[in-house]
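To keep things clear, I will list the structure first and then write my remarks on it.
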Amino acid sequence: MSTEELIERCIRKDASAWDEFIRQYQGLVRTTVHYRLNKALINDIDDIVQEVFLALWKDNKLSRLRDASRLKGWLIIVTTNLTASYGRLSYKRWKMAGSIHERLSDDKSVTFEDTITSSQPDP
């Protein structure tokens with residue numbers, strides 16, 4: 001099957017085409033994520049690779065590709081952008097966790113339960 005045909009079938013959400021697409025390009029995506037990823041997040045490679053393919057499928061990103069001969073370069077750019085987004089989100093989570101820890105350690109009258117509010121009843 002040609003690259004153009006594979007892309008067209010993926011755009012139509014053909015499950016077998018997606019299996020083939022992932023099989024063919026998983027190594028490229030994994031290598032790109034590994035190269036671009038902050039070393040602190042190295043254990044998240046599998047999650048990011050999965051997120052890349054999920055975003056391609058869910059958002060039908062392949063339909064935006066204008067030239068199938070440029071698929072690999074385009075895929076590297078998409079992967080790089082999604083890896084950077086993942087890194088920023090992880091940093092925000094880390095900052096939030098640090099912020100909560102600081103609030104708890106600075107003010108002894110504030111408890112963890114005071115810091116994290118929930119609408120759910122206490123178990």
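The values are calculated or read from the model by the stated rules, or taken from the named source; none is laboratory data. Only a predicted model underlies this, so the values are computations on that prediction, with no experimental measurement involved. Backbone-built Cβ (ideal geometry, glycine too); neighbour counts: all protein chains shown. Quick note on the areas: whole protein, heavy atoms, side chains included, nothing else; ligands and nucleic acids left out. Shrake-Rupley method; radii C 1.70, N 1.55, O 1.52, S 1.80 Å.
Amide H contacts for Asn60 (H built 1.01 Å from N in the peptide plane; partners 5 or more residues away or on another chain; cut-off under 5 Å): none found. The charge dipole of the stretch 17-69, taken about its Cα centre with unit charges on the Cβ of Lys, Arg, Asp and Glu (plus for the first two, minus for the last two), comes to roughly 220 debye.
Over the stretch 1-79, what percent of the accessible surface lies on carbon and sulfur atoms, probe 1.4 Å?
47 percent
With θ taken as phi - 60° and the Karplus curve 6.51 cos²θ - 1.76 cosθ + 1.60 applied, the whole-hertz 3J(HN,Hα) list for the stretch 60-73 is 6, 4, 4, 5, 8, 6, 8, 9, 4, 6, 9, 3, 4, x Hz, x standing for glycine and proline. Would you mind estimating how fast the stretch 1-91 diffuses translationally, via Stokes-Einstein at 4 °C and 1.567 mPa s with the Kirkwood radius over Cα pairs, in µm²/s? For these conditions, the coefficient is 97 µm²/s.
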